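Each remark here refers to the structure printed beneath this line.
Any read-out appearing in this document is the output of simple, stated calculations on the displayed coordinates, not a laboratory observation. Keep in mind the model is a prediction, meaning the values are calculated, not measured. Neighbour counts are summed over all protein chains in view; Cβ atoms, including those assigned to glycine, are modelled from backbone coordinates with ideal geometry.
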Amino acid sequence: MAKTFSLILLLSALCIATIAAAPSNFIKSSCSTTTYPALCIESLSVYSGAIQQNRHQLVQTALFVSLNKTLSIKSFVSKLNKFRGLKSREYAALHDCIEEINDGVDRLTRSLEELKLCTVKGEDFTWHISNVETWVSSALTDEGTCTDGFAGKALNGKIKGSIRARMVNVAQVTSNALSLINQYASNH
Ligand SMILES: *[C@@H]1O[C@H](CO)[C@@H](O)[C@H](O)[C@H]1NC(C)=O
């Protein structure tokens, strides 16, 4: 009896967890045209309550996901930079990478500010959203430059691997944000 009861409890818990994590159809269909749809759905479905069917909110959340991940990489790479005993070219690669990341943070922050102005209709919307597209696309280039910088230099394998994995993830999230911004611009 007790066993059956625990089983029912477990099943209900699983069921609730599945419902809570279920992405909305709006998020699924918006993500379907991005380059990394599974990652897009995974990173946005937690916020489906706030997003609802609102394209502006969807783009804003996608940009925040990208900015937050970029900030967490920034703190990770900055910590690595304090390690003793790396080769000087390793420090140089880390230093370049931190600069690229900082540029990315600036551009994503400016994009979020500019996105706030994308509420009006007509030409103003087109102007502001095209600025957002430009800056997010530059942020994506910065992220790629950081990753490429590590590819070429003889860096410690572990450091290189852990930075690259994080940079690839943030670049994919940013690329998805850019697709959603392009969608927002063309559907307006
Ligand atoms: C981004 O980080 C801020 C500040 O820590 C937090 O309030 C916000 O919920 C985060 N947003 C996303 C989409 O991760």
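Computed across the stretch 39-120, the Kirkwood radius stands at 14.6 Å (inverse of mean 1/r, all Cα pairs). Net charge in the neighbourhood of Ala165 (other residues with Cβ under 15 Å of its Cβ; Lys, Arg +1, Asp, Glu -1) is +3. Computed over neighbours whose Cβ is under 14 Å from that of Lys74, the net charge equals -2, Lys and Arg +1, Asp and Glu -1. Taking the square roots of 5 times each eigenvalue of the Cα gyration tensor of the stretch 81-138, largest first, gives ellipsoid semi-axes of 37, 9, 4 Å. Across all directions, the shadow cast by the convex hull of the stretch 23-187 built on its C-alpha atoms averages 9.4 square nanometres. Given R0 = 25 Å, the distance between the Cβ atoms of Lys121 and Ala50 translates into a calculated FRET efficiency of 0.60.
The stretch between His188 and Thr33 holds 54.1 nm of extra length on full extension. This uses 0.36 nm per residue minus the Cα-Cα distance.
Calculated FRET efficiency, Asn25 to Lys79, Cβ-Cβ distance, R0 = 45 Å: about 0.65 to the nearest 0.05.
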